[in-house]
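Structure, as structure tokens:
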Amino acid sequence: MSDRTQTAPAGSGSATVIRADRIEKTYDSWLPFTRAVEVLDGATLDIRAGDIVGIMGENGSGKSTLMQILAGVLDHDNGTITRNGSIGWCPQEPRLYDRLTVDETFDLFGRAYDMTEDEIEDAEDWLLDELDFERFRDRQVRHLSGGNRQKLNLSVALMHEPDLLLLDEPYTGFDWETFQAFWDLTEELGDRGVGIAIISHIINERDRFDVIYELHEGHLHREVVGEDTDTTAPENCEDPSTTEEGTQ
Amino acid sequence: MTRTRQTVAGVRASARSFFRKPFNIVLLVVLPALSIQLYGISLAQFPKFEFFTTAASLATTGRITGAVFATGALAGVLGLFQIISARDADRRLSICGIPPRDLLISRFATLVGISVIIAAVSTGTLVVLLPDSVGAPVFAFVGLVLGSIIYAMLGILVGSVLPRELEGSLVLVILADMDNVLASGIFQIDQRITRFSPLSYPHDIVTQAVVDGTFAGEKVLPALSFVAVFGVLAVVTYSWTVEPVATGGEAA
């Protein structure tokens, strides 16, 4: 686990919602005849409020590992993560209870986020309408189609209106209308100041992002869309709210 | 208030997940009856040799042993399935803001409830299938509840360390089987060995309740010690597997 978490004084404002600085991650194995896999080697990333950031890279390049480290699901070996605000994490595979209905899932996760009954109800009504799966609210998760399950997966990440959204291939299984609705919602949230990071494989989507990070051989290469600049390290952020360092 | 709301939500989610699986209900009804009858019929085939030192007839001892085995194995396997099937969702819930200890409390509460139901079904089945009448069914029920909870804790422990349904259930069934042989009292086994058999204490409580109609109160503390030891180990391993690096669920 991480060895240190620091909290900055109250009121320290910053446009940066998350910053990862020189993150290293290697999957070790204690089993004989298996080798360690180095996934991240000094990856640096910075997401500011209102940014829509794309994280791209070939299969197995470590995108999901990076996102899990950013979300706080997975520990890293070295480097520093600075988080400033609440996070909504939408994993690639929905991590939900198969036997609960859509309604029950909203209720359970709403309580986990410490939302009131009214807040949960409002969030559910908003997301069911926005992503158009209102008619499935009484259906158990295991009986939902892949696309509807993914809508619920995304809704669980969004329902508490976080400051930062971390979305790991969020539109897998979406039909065209839902795909469009997803991007409309993403742009609306971006305009409201939510920082959004999306793992994506679709090259045609590049123009939808403000910044793209290309993950290659453990390093992140930053590209501001519409500009020619290409840097590997964004400028420093100020006044972090929570800082977490790797263990080694 | 928040913790209570979250724990109640966790218990409700676990209980719904359990009772909405028809396979769990089938196991709950079929396994005790099958095990009690098979053990009873099998042991009744043996001639009564000198080295059999049972307090009751072999048919009765067999059925008691079958009830204890079914209760322990069923609680263990269902505990294991609960932990494995909810592992990823629990991890996500902990990221969203429910502390792992509260998730674990809700898992424990659900499993204790399920253990009581398993013990009740086993006691009822034992009462119906035993050729002789059961001296004190309530005391037998208490013994089976203890056996059930011991193995439910063991199920959480195995599920946290070995999160695979096939391998984990094999480990639990083999453990329960070996444990049950030691606990049955059919063979004269050194007490220095049998005292480390978790099921031996519930087995003694059930046997005494069935045969004499009295309560073997001195066996309760050792049985509770097993609950405590497995419970602590289960807490440590479960928390280790579910604990997030950081939580991001603070409401906006």
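For the stretch B:122-252, a simple Cβ point-charge model (Lys and Arg +1, Asp and Glu -1, everything else neutral) yields a dipole of about 120 debye relative to the Cα centre.
What chain B shows is 42 Å² of accessible area per residue, with the surface traced by a 1.4 Å probe over protein heavy atoms. Stokes-Einstein diffusion of chain A at 25 °C, 0.890 mPa s viscosity, Kirkwood radius from Cα pairs, rounded to a whole number: 130 µm²/s. Ligands, DNA and RNA left out, the accessible area of the stretch A:91-160 computed with a 1.4 Å probe is 36% carbon and sulfur.
For the stretch B:1-160, the calculated P(r) over all alpha carbon pairs, in 5 Å bins from 0 to the bin holding the longest distance, is 2, 10, 17, 18, 15, 12, 9, 7, 5, 3, 2, 1, 0 percent. Taking the convex hull of the alpha carbon positions in the stretch A:91-160 and averaging its projected area over all directions gives 4.0 nm². How would the stretch A:42-98 be classified by its alpha-carbon gyration tensor: rounded, prolate or oblate, with rounded meaning a/c under 1.5 and the a/b versus b/c comparison settling the rest? It is rounded, given that a/c, with a ≥ b ≥ c, falls under 1.5. Interface burial in the stretch B:1-27 reaches 20 Å² or more for B:T2, B:R5, B:Q6, B:A9, B:R12, B:A13, B:R16, B:S17, B:R20, B:K21, comparing the full protein assembly with the chain by itself; accessible area from heavy atoms with a 1.4 Å probe. For B:V8, the solvent-accessible surface computed with a 1.4 Å probe is close to 70 Å², ligands and nucleic acids excluded. Database remark: amide H of A:V17 closer than 5 angstrom to the amide H of A:I47, A:R48, A:A49 (H placed geometrically; neighbours at sequence offset of 5 or more, or on other chains; Pro and chain starts carry no H). Heavy-atom accessible surface of A:E58, to the nearest 10 Å², is about 120 Å², with a 1.4 Å probe and all protein chains retained.
The figure for B:T194 is an accessible area of roughly 20 square angstrom, using a 1.4 Å probe on the protein chains alone. Can you tell which of A:A123, A:F182, A:N59 lies farthest toward the positive end of the dipole of chain A, using +1 and -1 charges on the Cβ of basic and acidic side chains (Lys, Arg; Asp, Glu)? Looking along the dipole axis, the top candidate is A:N59.
So what is the relative contact order for the stretch B:1-124, in percent, with contacts set as C-alpha pairs under 8 Å and at least six apart? The value is 37 percent.
Per residue, the stretch A:91-160 exposes an accessible area of 39 Å² to a 1.4 Å probe, with every protein chain left in place. From the C-alpha coordinates alone, can you work out the Kirkwood hydrodynamic radius of the protein assembly as shown, in Å? Averaging 1/r across every pair of different Cα atoms and inverting gives 25.1 Å. GNM remark for chain A: springs join alpha carbons under 10 Å apart, and the peak mean-square fluctuation among A:P170, A:P162, A:P32 falls on A:P32. Farthest toward the positive end of the dipole of the stretch B:39-150, out of B:L129, B:A70, B:S115, is the Cα of B:S115, where the dipole comes from beta carbon charges about the Cα centre. Let a ≥ b ≥ c be the square roots of the eigenvalues of the Cα gyration tensor of the stretch A:95-135; is it rounded (a/c under 1.5), or, if not, prolate (a/b larger than b/c) or oblate? Taking the square roots of the gyration eigenvalues as a ≥ b ≥ c, the stretch A:95-135 is oblate.
In terms of the Cα gyration tensor, with a ≥ b ≥ c the square roots of its eigenvalues, is the stretch A:72-194 rounded because a/c is under 1.5, prolate because a/b exceeds b/c, or oblate? Rounded is the answer for the stretch A:72-194, as its axis ratio a/c remains below 1.5.
Under a model in which nothing but the beta-carbon of Lys, Arg (+1) and Asp, Glu (-1) is charged, the protein assembly as shown shows a dipole of about 3280 debye around its Cα centre.
Put A:R135, A:R95 in order of accessible area, highest first, and with a 1.4 Å probe you get A:R135, A:R95. The order of A:E205, A:E169, A:E134 by accessible area, most exposed first and with a 1.4 Å probe, is A:E134, A:E169, A:E205.
Helical content of the protein assembly as shown, expressed as a calculated mean residue ellipticity at 222 nm, amounts to -17500 deg cm²/dmol (DSSP H runs of 4 or more residues, -39,500 (n - 2.57) each, divided by residue number, nearest 500).
Overall, the stretch A:91-160 carries a charge dipole of about 640 debye about its Cα centre when +1 sits on the Cβ of Lys and Arg and -1 on the Cβ of Asp and Glu, all other atoms neutral. Rounded to the nearest 100, the interface formed by chains B and A buries 3100 square angstrom of accessible surface, both chains summed, with a 1.4 Å probe.
The values are calculated or read from the model by the stated rules, or taken from the named source; none is laboratory data. Model, not experiment: these values are computed from the prediction. Note that we place each Cβ from the backbone using ideal geometry, even for glycine, and neighbour counts take in every protein chain shown. For accessibility, only protein heavy atoms count, side chains too; no ligands or nucleic acids. Shrake-Rupley method; radii C 1.70, N 1.55, O 1.52, S 1.80 Å.
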